[in-house]
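The values are calculated or read from the model by the stated rules, or taken from the named source; none is laboratory data. What you see is a predicted model, and the numbers here were worked out from it, not measured in a lab. In this analysis, Cβ positions are derived from the backbone assuming ideal geometry, glycine residues included, and neighbour counts consider all displayed protein chains.
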Amino acid sequence: MKGMKNNKLKALAVAMVLTMSSGMIPTTAGIEVPALTTTVEAAAKKITLKASNKKVYAGKAVKINAKATKGAKLSYKTSNKKIATVNSKGVITGKNAGTAKITITAKKSKYKTVKKNITVKVVKQNQKITASSQTLAVGQRKNLGAKAKTGMIYKSSNPKVVTVDKKGNLRALKAGTAKITISAKASGIYNKASKTIAVTVSKAVASKPITPTRKPEASKPTTTPVPTKVPEPTKAPEPTKAPEPTKAPDPTETPKPTETPEPTATPEPTKIPNSTEVPQPEISYVTSMYFEETAKTNVIYVGESKKSTLKWEATGNTTLKDFVFTSSNPAVATVDENGTITGVSAGDVRITATSKTPFSAAGTKDDCLTATYKYHIKVRTTEIDSMYYPSITGNDAITQKNIGIGETKDCTLKIETMGSGSISDIAFTSSDPSIATVDENGKVTGKKAGYVTITAKTKLPSEMDGQTILTDSTTYHVGDYTYEEILSGLTIDNTASKTAFNVLNELRQDKSKRPAISQDFPEVAARTWDGSAFQNAAARGGRNIICEILGGWTNEEKSTVNPLASHGYSQNGYGGSGWEATGEELGNAATEFFYDRPHAQNQTRSDEVYGAVAVVQYKNAAGINLTSMIVDMNSYPYEQQKVNIANSNKQNSTTETWISNSLKMTIVPSNQYYDICKHFGLSYGMENTTDVQADMSASEPVAIEDTFTDGSTGAVNITDSVETAETGQQEETEETEEFELSPEEETNAVSDVGVIFE
């Protein structure tokens, strides 16, 4: 072939068969020829390879879910083993933080080798330091027992009170408090981490923490209620021993002083306990504090808030209100009095918490503990790494991309994720809900005939850049396909047709340009383009596509291996589904005829000097992409064929016409033959209306309305390519739309084999 573009034929499995009846059959020129049936082998195809970028934590592994043509052997290679390694099964292991390229190579016999690079991002894991606050007596030694994933460094805030060595061994020197800061080093696998704990050193272990509770003893004055004994003056009745004066009862009224017990209400001083309520908020000393660390606590998303993860140990009742929180950069994140952090913009920020009280009663403001934690403020992203609708084209699209009215099809979207990404993270929309609706799970329900595009988008941007919304879409045909719809959608790739014709002529005339297998066949004159041959080729190709979608084949016409290569007498067939090539690239594929000796022999016959090639196609938005290339050959031009038929009628007393003979040679039902010709603007043999009507009524064994019984009259208005019958020159009125099909979905276009004649 000539230089092929990047979008080469995905399926060059070719069926090119020249079939003639066993024995002798009259051609349109009235010449008898022997029956021939031949087959051409398939040419090399291109492997389809799909794989997406990956993210993996250092020290962890993830598998590449590569998808390739069935039977293809995959191999993997990393660009940097220090960052990531990959084994023969595509399992990536993160070694150190960084980025590496993984090259995937797909090989398969008779296929073109394909390579694809993906990016692997290796990120470090977070680590947590395990350690708790300590209480020691002067002279005591103790190991902190801290644990982390990497080596640790220790530092004391007050070496005069307590020292710590490189192994975490504490030594208490004198009474007091100190902060021990533990720092875990960063490595290729883990991020650095830090934690601060409190160490209290006392002469008498734990004596100091309880001293604050003794302070309430200052309230001893509350025992002053003893003065309530003042009522002792009631003993005054002893004077009643002098009862001489009978008036003594009057003094008994003097007990009114006993009413003075009202002063006993003065024990209200016992309410002095009100003053004892002042120390009620007993002082609680924070002895240890830290921010709880996990893989998720240090990430906050813009616009979202997260409660403080501050943890502490204290001698009393301490709450978040007993700490002061500050942000290193309020433009990135703010923090309120309760330690609640709110993300403002993407970036890193440090939140610091400081206790309002020292370690103990003996401490000062300088002994107030602090803890700092670094937060990563991010734009919330999806955990979906990639998503796509599988490419479904060609024959497969006839059923898989068609939805009946009232029918519901399951979602076919494929999702790849390293995390918890799922279909709930995707929003689905329909381009026209009156034609089809889509629910939150991607299921599509047909409503009325037409085309509808379903689009899937992630609700959040991709984690790779925090900006890109992942999206993909697929188009469905809703409702049953109709005869009128398929007929009106047929096109002819005129450039491919003429290119194929010229390629065959070039190889007929110059054996040096042929493949070695066919160079021994003679060089013969080029064929002359004949418009009537083009008409018959177009009718046959159109019939193949209509029947492939709607059915209606007759037993004698359909190829059992590749229906799109089905053909009549004095014709060669070539066809396939999902071909993306067009124009010259598609036409150049006619070279395949000369890679098979029987076909090369057919193409170098010196008596067949007239002919044409028609490349008929049907493509729609739902992915159907069918091609049928038909080569029609004759020994005489159109006008001479009509003369030969007229002479035969006189000799044999028959009423054959050029049209009736063409119907037999192409094996196309008459009604359909005329429909296709009318659609393409072809009118050979139709000069006499009476002859046409007679042909339709007399020579049609199967009426088109009997073959296609879907009952629909709807048609799609599509601009068609037209053939100028008189000159054989072709005009394109519409640019051909290309649809891509992966090799594993292609139809192998190899026709059935009959008798091979050489």
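Tabulated results
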{"item": "Filter result (among the hydrophobic types (A, V, I, L, M, F, W, C) and either free of Cβ contacts under 8 Å to residues at least 40 places away in the same chain or in contact with a Lys or Arg (Cβ under 6 Å, 6 or more places away or on another chain) (or both)) within segment 113-130", "result": "120, 129"}
{"item": "Candidate set from segment 288-329 (those that are of a type in the set (A, V, I, L, M) and either in a strand (DSSP E or B) or touching a Cys at 6+ places or on another chain (Cβ under 7 Å) (or both)); member that is farthest from residue 380 (Cα to Cα)", "result": "314"}
{"item": "Looking only at segment 419-433, and only at residues there that are aliphatic (A, V, I, L, M) and either part of a helix (DSSP H, G or I) or surrounded by 19 or more Cβ atoms within 10 Å (Cβ to Cβ) (or both), the one that is modelled with the lowest pLDDT", "result": "423"}
{"item": "Hits in segment 90-113 (condition: more than 22 Å from the chain's Cα centre (by Cα) and over 16 Å from residue 60 (Cα atoms))", "result": "107, 108, 109, 110, 111, 112, 113"}
{"item": "Residue identified as surrounded by 16 or more Cβ atoms within 10 Å (Cβ to Cβ) and farther than 27 Å from residue 178 by Cα among 357, 315, 342, 287", "result": "342"}
{"item": "Qualifying positions in segment 135-148 - under 53 Å from the mean Cα position of the chain (by Cα) and more than 20 Å from residue 372 (Cα to Cα)", "result": "143, 144, 145"}
{"item": "Sole exception among (1) at pLDDT below 95; (2) among the β-branched types (Val, Ile, Thr); (3) over 46 Å from the mean Cα position of the chain (by Cα) for residue 560, by number", "result": "(3)"}
{"item": "Number of the exception - residue 131 against (1) touching a Leu at 6+ places or on another chain (Cβ under 7 Å); (2) among the hydrophobic types (A, V, I, L, M, F, W, C); (3) farther than 30 Å from residue 314 by Cβ", "result": "(3)"}
{"item": "Enumeration of residues in segment 440-463 that are buried (at least 16 other Cβ atoms within 10 Å of the Cβ) and either among the aliphatic types (A, V, I, L, M) or more than 18 Å from the chain's Cα centre (by Cα) (or both)", "result": "444, 445, 446, 447, 449, 450, 451, 452, 454, 456, 460"}
{"item": "Selection count where residues are more than 23 Å from residue 544 (Cα to Cα) and in a loop (DSSP other than H, G, I, E, B), scope segment 464-496", "result": "7"}
{"item": "Single match in 500, 533, 538 (criterion: in contact with a Cys (Cβ under 9 Å, 6 or more places away or on another chain) and of a type in the set (A, V, I, L, M, F, W, C))", "result": "538"}
{"item": "Filter pass, residue 413 being touching a residue at least 12 places away in the same chain (Cβ under 8 Å) and in contact with a Ser or Thr (Cβ under 7 Å, 6 or more places away or on another chain)", "result": "no"}
{"item": "Test: residue in segment 114-126 that is farther than 30 Å from residue 192 by Cα and loosely packed, with under 14 Cβ neighbours inside 10 Å", "result": "yes"}
{"item": "Candidates 132, 109, filtered to the one that is among the polar types (S, T, N, Q), in a loop (DSSP other than H, G, I, E, B) and out of contact with any strand residue (DSSP E or B) (no Cβ under 7 Å at 6 or more places or on another chain)", "result": "109"}
{"item": "Subset of segment 323-365 [within 41 Å of the chain's Cα centre (by Cα) and more than 17 Å from residue 305 (Cβ to Cβ)]", "result": "328, 348, 350, 352"}
{"item": "Single condition residue 700 does not satisfy, out of (1) under 21 Å from residue 544 (Cβ atoms); (2) surrounded by 16 or more Cβ atoms within 10 Å (Cβ to Cβ); (3) at pLDDT 60 or above", "result": "(3)"}
{"item": "Unmet requirement for residue 299, which otherwise passes all of (1) surrounded by fewer than 18 Cβ atoms within 10 Å (Cβ to Cβ); (2) at pLDDT 90 or above; (3) under 46 Å from the mean Cα position of the chain (by Cα)", "result": "(2)"}
{"item": "Boolean, residue 549 is surrounded by fewer than 24 Cβ atoms within 10 Å (Cβ to Cβ) and among the aliphatic types (A, V, I, L, M)", "result": "yes"}
{"item": "Filtered residues of segment 370-409 (kept if in a strand (DSSP E or B) and among the aliphatic types (A, V, I, L, M))", "result": "371, 377, 384, 387, 403, 405"}
{"item": "Residue tally, condition more than 18 Å from residue 570 (Cβ to Cβ), buried (at least 22 other Cβ atoms within 10 Å of the Cβ) and not small (Gly, Ala, Ser), over segment 636-673", "result": "2"}
